[in-house]
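Nothing in this text is a laboratory measurement; each read-out follows from the coordinates by a stated rule. Nothing here was measured: the structure is a model prediction, and the numbers come from that model. Here Cβ is always computed from backbone atoms with ideal geometry, including for glycine, and neighbour counts include all displayed protein chains.
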Amino acid sequence: MALSASSFRCSSSSSSSSSSSSSSPTPPSKSSSASSSSGFPKEPLPIVAGVSALLLGAAGCYWYSQSDFSNSQLNQNNDSDPNSDHDSNVSGPNGNSSPHGVGVELDFPLEQVELQLRAAECSVHFAMPQGVVSGFHVNAFQANRSMEDARREVVLPADPYEGITSSALFGVYDGHGGARTANFLAEELFDYIAYAKSLFAVLLSHSASSEAEHTANENHESSATQVAPAADHGARTDAVVSDDDNDQDTSPQGIIPYCLKHAFLQADDIYLQRAAITHQYRSGFCGACAVVAYIQDRYAYVANAGDCRAVVGRYSEKDEGTHKVWTAIPVSKIHRADIKEERQRLRAEHPNEDDVDALRRVKGMLEPTRAFGDGIYKSHFWNDLVPDPSKRFQEPYTPPYITAQPDVQIHEISGNDRFMILASDGLWDFVSPTKAVRIVTRAMEAAQKDPDAPFNAATELIRYVMQKRGAALLGDYSSQSSSSDEKIAAVMQIPHGTRRLVMDDITATVIWLDRSNLDEATEMQRFHAHLNVPKPASQQEVETILQEARAQLRKRDNDDIE
């Protein structure tokens with residue numbers, strides 16, 4: 001039985017939508033004339049559309065699904081403690097003083113405020129909860145000349161007939177220097193995760209069968225049971241088997257973080273190589289931070305590279321259940337040059353470069369220390385392509401300075417965890433994790449009192465930031481002189497691009513969690529059912545499959561060059 005993955009398409013409208021849809025996704029086909037918003041010809045991994053079907057059958061081929069996404073941007077400019085519970089107050093995202101007392105004259109129709117604020121929102125609630133995920137809310141708001149954030153949501157429903165547990169992937173991508181890198185990640189990163197997971201499943205399956213064969217033939221040479229010698233491992237094809245840290249850990253807590261790390265690094269490698277091969281040099285100069293949450297069974301695996309963040313909202317009951325106390329649980333680690341640990345790493349890796357962390361930025365310019373793209377911080381090739389020689393990095397110059405390798409946090413979802421927030425730093429510049437959880441819970445309480453009122457938690461997070469920035473523009477911090485809509489209107493009336501001086505683009509996703517949705521089957525049984533692929537007949541068959549995968553990838557790269 002083929003699996004069907006839910007594909008969510010959030011149209012730009014003034015009202016939220018509630019849906020519970022499921023469709024069978026078709027892997028996008030290769031077309032030389034098609035162009036993606038990342039600036040490259042849209043060419044998905046052949047392994048996902050072709051060889052993956054051979055390896056995993058329908059389960060592997062339909063493990064992922066595409067959804068629409070919005071674009072937005074990264075500006076990492078808040079030097080406050082990333083773990084602080086205090087909001088950033090009146091300083092703008094560039095560290096500039098707030099225009100307190102400017103007295104901005106409003107010239108924006110107040111009746112349009114709510115429509116504009118909700119224009120990109122989407123609300124999805126499942127009639128039949130998908131594992132611990134019962135739904136999600138998303139929204140975004142643009143500050144830059146063009147939106148430079150992106151996002152994607154994918155849910156694979158449970159299939160009781162094939163023993164497949166439900167799982168979900170959510171991603172927020174925060175671009176800088178343009179939207180191309182963030183768009184690429186929204187379009188393709190989940191494909192790389194699917195590819196890494198499918199390849200690992202085949203190798204795990206063969207490893208198990210090889211071990212059984214070795215046990216039955218103890219006098220046989222152990223080398224005869226190995227899959228592909230290490231010298232043949234390709235950087236983008238089967239490097240997933242080269243990480244020694246997880247070779248012996250076949251639990252979900254070992255495999256999934258491993259696949260996420262491999263997918264991040266492989267996607268970054270392909271992105272920069274594709275930009276170079278196709279002469280899309282502007283794409284190579286762009287960059288993006290990313291946070292991805294992979295939710296399966298009772299665990300959330302959160303991979304983060306850069307300064308996007310993920311926070312879980314958890315409650316505890318006080319006074320015999322009459323009062324709930326909410327706690328913010330950070331489930332991601334920030335990578336910025338203003339963090340002491342990251343500065344120490346930079347100095348240790350580049351001891352002869354005094355400017356390696358100048359101004360608390362990488363080489364005095366870039367704040368995130370982990371990101372996709374950003375070629376000039378990773379190789380001489382990209383630095384030499386900067387048109388103006390005076391703007392190139394001068395010696396000493398010893399790249400790479402940054403990496404796309406994510407930090408992966410494993411969070412066990414408790415019965416009191418009610419939601420998870422993923423957002424770009426446009427939100428976290430002005431909202432602490434504790435405050436973000438409080439905003440969502442207050443919105444939940446208001447929705448319970450008035451069920452007919454529009455409710456989107458991501459919208460409420462964005463509303464708070466815009467009210468805060470509008471108050472700074474109007475010089476009104478008392479919450480008395482100006483209404484909420486007037487404060488938001490003060491921001492909305494500023495044109496895109498110029499608005500970036502006041503705030504950054506914001507993308508927020510709120511994932512609703514309910515641990516009670518899990519059944520009594522053990523996690524390991526369901527997980528290994530998920531990896532239950534047909535056993536190859538022989539070692540030679542496995543090697544043939546892997547060689548075919550490598551050949552298809554090489555052919556794809558050669559076609560790009562021609």
Using a Förster radius of 60 Å, what is the FRET efficiency between E445 and A358 based on their Cβ-Cβ separation? Nearest 0.05, please. 0.80
Grab the Cα-Cα distance for A348 and E111, subtract it from 0.36 nm times how many residues apart they are, and report the gain in nm with one decimal. 79.8 nm
Where a ≥ b ≥ c are root eigenvalues of the Cα gyration tensor, a/c under 1.5 meaning rounded, otherwise prolate if a/b exceeds b/c and oblate otherwise, the range 345-424 counts as prolate
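Order 183-194, 351-362, 328-339, 369-380 from most to least packed using the mean count of other Cβ atoms within 10 Å. Each step should come with its number before you reach the end.
Details: 183-194: 26.4, 351-362: 15.8, 328-339: 21.7, 369-380: 24.2.
The peptides rank, most packed first, as 183-194, 369-380, 328-339, 351-362.
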How high is the FRET efficiency between K324 and H496 when r is their beta carbon distance and R₀ equals 45 Å, given to the nearest 0.05? 0.70
Expressed in nm², what is the orientationally averaged projection area of the convex hull enclosing the Cα positions of the range 265-343? 8.7 nm²
Given points 7 Å out from each Cα along the Cα-Cβ axis, report the S251 to K391 separation in nanometres with one decimal. 5.1 nm
Lysine pairs within the range 315-382, Cα separation less than 24 Å, 8 or more sequence positions apart or different chains: 5
